[in-house]
1. Please go through the range 234-252 and pick out each residue that is open to solvent by less than 10 Å² (accessible area, probe 1.4 Å) and outside any helix (DSSP H, G or I).
2. Give the residues of the range 209-223 that are open to solvent by 10 Å² or more (accessible area, probe 1.4 Å) and not in a helix (DSSP H, G or I), sorted by residue number.
3. Within the range 164-200, which residues are closer than 26 Å to ALA93 by Cα and acidic (Asp, Glu)?
4. Output the residue which, of all residues in the range 18-42 that are touching a strand residue (DSSP E or B) at 6+ places or on another chain (Cβ under 9 Å) and surrounded by fewer than 17 Cβ atoms within 10 Å (Cβ to Cβ), is farthest from ALA56 (Cα to Cα).
5. Can you name the condition, by its number, that GLU206 falls short on among (1) in a strand (DSSP E or B); (2) surrounded by 17 or more Cβ atoms within 10 Å (Cβ to Cβ)?
6. Out of everything in the range 189-203 that is of a type in the set (Gly, Ala, Ser) and either free of Cβ contacts under 8 Å to residues at least 60 places away in the same chain or part of a strand (DSSP E or B) (or both), what residue ends up being least open to solvent (accessible area, probe 1.4 Å)?
7. With respect to CYS226, determine if the residue is part of a loop (DSSP other than H, G, I, E, B), of a type outside the set (D, E, K, R) and surrounded by 15 or more Cβ atoms within 10 Å (Cβ to Cβ).
8. Do we find that VAL113 is farther than 21 Å from ALA86 by Cα, of a type in the set (Val, Ile, Thr) and surrounded by 17 or more Cβ atoms within 10 Å (Cβ to Cβ) in this structure?
Amino acid sequence: MLQRERDRRIIRALRVRGTASAGELARQLGVSPATIRRDLQRLDRSGALTRVYGGAVLDGGRVLDDGTVEAPFEVSEDEEGRTKDALAARAVAELVSDGDVLLLDIGTTTLRVARHLRERDVTVITSSIAVFDELRDDPKVELVLLGGVVRRHYRSLVGSLTESAIAQVNADRLFLSCTGIRRDGQVLDNMQVEASGKQAMIAAAESVVLVAAPSKFPGKGSLRICGLADIDVLVTTEDADQETVEICRQAGGEVLTS
C-alpha cells in the first residue's frame, strides 16, 4: 500500500473514532507496527494528528496502556469539580503553613490545590504545566517548574529529566493524585511514565498527602504507585469507601474528610 493511501486511511480511522492504537492501525492496514509508527511520527510532525503513547488522536484523547482512552485535561478538570475544589480547600487550610516547600503532582485535583495556594507565602515545585500557569503571575508564591518531556494533552512534564530534577528536591509536603485506590490498599496510576515520577516525588517529600475524590475508590489503574501505608494524610469525602479509608487509618495515616 502506498504511503499516501495509508495516510488517508489513518486519518479516516481517527475521524471515525477520535483515537486509535498503533496496533489497531497496523492490523487494519495490513502493515507492520514499525511502518505505522513511522507514519504516525511523520503525520504528527506535519500537524495532521497528535502522536501519543501507543497510538494517535485527533480530538485530544489519549490511548492508555490498557487500551482505554483518557480524556484531555480540560475534560477531566471539569469532572467532579465541586468535590475536588472542596477537598483542595480542606487540604490547604489544614496542612499548609507559611514558608512550606510543596511538591504538586500532575493532575486535575492538584490544580485545584494550586488555586487555593494563591497569595500564600510558600514554595511550589511541580511538573504540572497547569499548576505553573495557575501560579505563574502570583508574586508571593515561589514557583519552580521541573523539566521533562511535554505531554501536551495533559499539560504536564514527564520522563527521566523530570525524575532527575525531583531527586534534587527536599519538600515538606507532597500533594499526590492517582487514578485509583484498591481495597487492598494499593494506590494506582495508568501510565508508567507518570507512575515513576510520582514515586520519585514520594521519595523527595517529608509528608505525602493523597487527595482523592470518591470516584477513585476503587477507580482504575494498572500500575502501583505506592501503598496506603506510604500515605501520611488521605483527604477525601465522607462517602468514600470506608473499608479502604480504614486501611489508611490502620497503617497510621490521618484521614481528613470534606
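1. To start, the set of residues in the range 234-252 that are open to solvent by less than 10 Å² (accessible area, probe 1.4 Å) comprises 234-236, 240, 244-245, 248.
Selection gives LEU234, VAL235, THR236, ALA240.
2. Narrowing the range 209-223 to residues open to solvent by 10 Å² or more (accessible area, probe 1.4 Å): 214-223.
Once the filter is applied, which keeps residues that are open to solvent by 10 Å² or more (accessible area, probe 1.4 Å) and not in a helix (DSSP H, G or I), the range 209-223 yields PHE217, PRO218, GLY219, LYS220, GLY221, SER222, LEU223.
3. Once the filter is applied, which keeps residues that are closer than 26 Å to ALA93 by Cα and acidic (Asp, Glu), the range 164-200 yields only ASP172.
4. Top of the filtered list is GLN28.
5. Going through the list (1) in a strand (DSSP E or B); (2) surrounded by 17 or more Cβ atoms within 10 Å (Cβ to Cβ), GLU206 breaks only (2).
6. Filtering the range 189-203 for residues of a type in the set (Gly, Ala, Ser) gives 195-197, 200, 203.
Imposing the further condition that a residue be either free of Cβ contacts under 8 Å to residues at least 60 places away in the same chain or part of a strand (DSSP E or B) (or both) reduces the set to 195-196, 200, 203.
Working: ALA195: 2, SER196: 28, ALA200: 26, ALA203: 88 Å².
That would be ALA195.
7. Details: part of a loop (DSSP other than H, G, I, E, B): no; of a type outside the set (D, E, K, R): yes; surrounded by 15 or more Cβ atoms within 10 Å (Cβ to Cβ): yes.
Here the answer is no, as CYS226 does not meet what is asked.
8. Values: farther than 21 Å from ALA86 by Cα: no; of a type in the set (Val, Ile, Thr): yes; surrounded by 17 or more Cβ atoms within 10 Å (Cβ to Cβ): yes.
The answer is no for VAL113.
The values are calculated or read from the model by the stated rules, or taken from the named source; none is laboratory data. Since we're looking at a predicted model, the values are computed, not measured. Using ideal geometry, Cβ is built from the backbone for each residue, glycine included, and neighbour counts are taken over all protein chains shown. Heavy atoms of the whole protein, side chains included, go into the accessibility calculation; ligands, DNA and RNA do not. Shrake-Rupley method; radii C 1.70, N 1.55, O 1.52, S 1.80 Å.
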